[in-house]
Amino acid sequence: QKVIVQVTDKKNLGENWDAGRYSPRVEFSFKVFNKTSKDIKGVQGILTVKDLFGVDIMSSTLDFTGEKIKANGSINVSGMGLDINQFMDDHIKLYNTDYSDLKFEYEVTAIVYTDGTTQ
């Protein structure tokens with residue numbers, strides 16, 4: 001694997017009109033590892049969140065851009081997440097499930113290197 005993405009934390013944020021949050025929100029923290037010998041400019045992929053039994057809760061496209069990942073290095077990314085729609089069962093399950101009871105899979109679909117090449 002050329003890029004490994006680990007979800008390192010999950011944070012539930014409640015509604016907060018003063019902060020501009022009009023619904024509950026789930027935010028994740030990630031550690032993104034570059035296992036190649038070239039600097040990476042961006043990673044595109046799909047994050048799948050599963051419950052304790054390995055059953056899919058939801059999948060979403062998730063890109064990491066805006067910060068260079070040095071060759072054989074890693075970066076930490078936080079604050080990426082989604083607003084919870086109270087009428088969607090998968091959103092409610094994601095919000096209500098403890099981080100320790102979730103499993104995560106990240107499938108890389110594209111890598112863009114700083115030299116302009118892609119994979």
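One table, with the values for the structure above:
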| read-out | value |
| --- | --- |
| Sites matching trypsin sites (Lys or Arg not before Pro) across the range 42-102 that sit in DSSP coil, with at most 14 neighbouring C-beta atoms within 10 Å | K70 |
| Pairs of Lys in the chain closer than 20 Å at Cα, counting only those 8 or more apart or on different chains | 28 |
| Spin-label pair E15/S78, simplified geometry with 7 Å Cα→Cβ offset, distance in nm | 2.6 |
| Unit charges at the beta carbon, dipole of the chain: most positive-side option, I92, L82, N34 | N34 |
| Apportionment of accessible area to carbon and sulfur, the range 20-119, percent (1.4 Å) | 48 |
| Chymotrypsin sites (Phe, Trp or Tyr not before Pro), loop per DSSP, at most 14 other Cβ atoms within 10 Å - longest free stretch of the chain | 54-86 |
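The values are calculated or read from the model by the stated rules, or taken from the named source; none is laboratory data. As the structure is a prediction and not an experimental result, all values here were calculated from the model. Glycine also receives a Cβ, built like all others from the backbone with ideal geometry; neighbour counts cover every protein chain displayed. Only protein heavy atoms, including side chains, enter the accessible area calculation; ligands, DNA and RNA are left aside. Shrake-Rupley method; radii C 1.70, N 1.55, O 1.52, S 1.80 Å.
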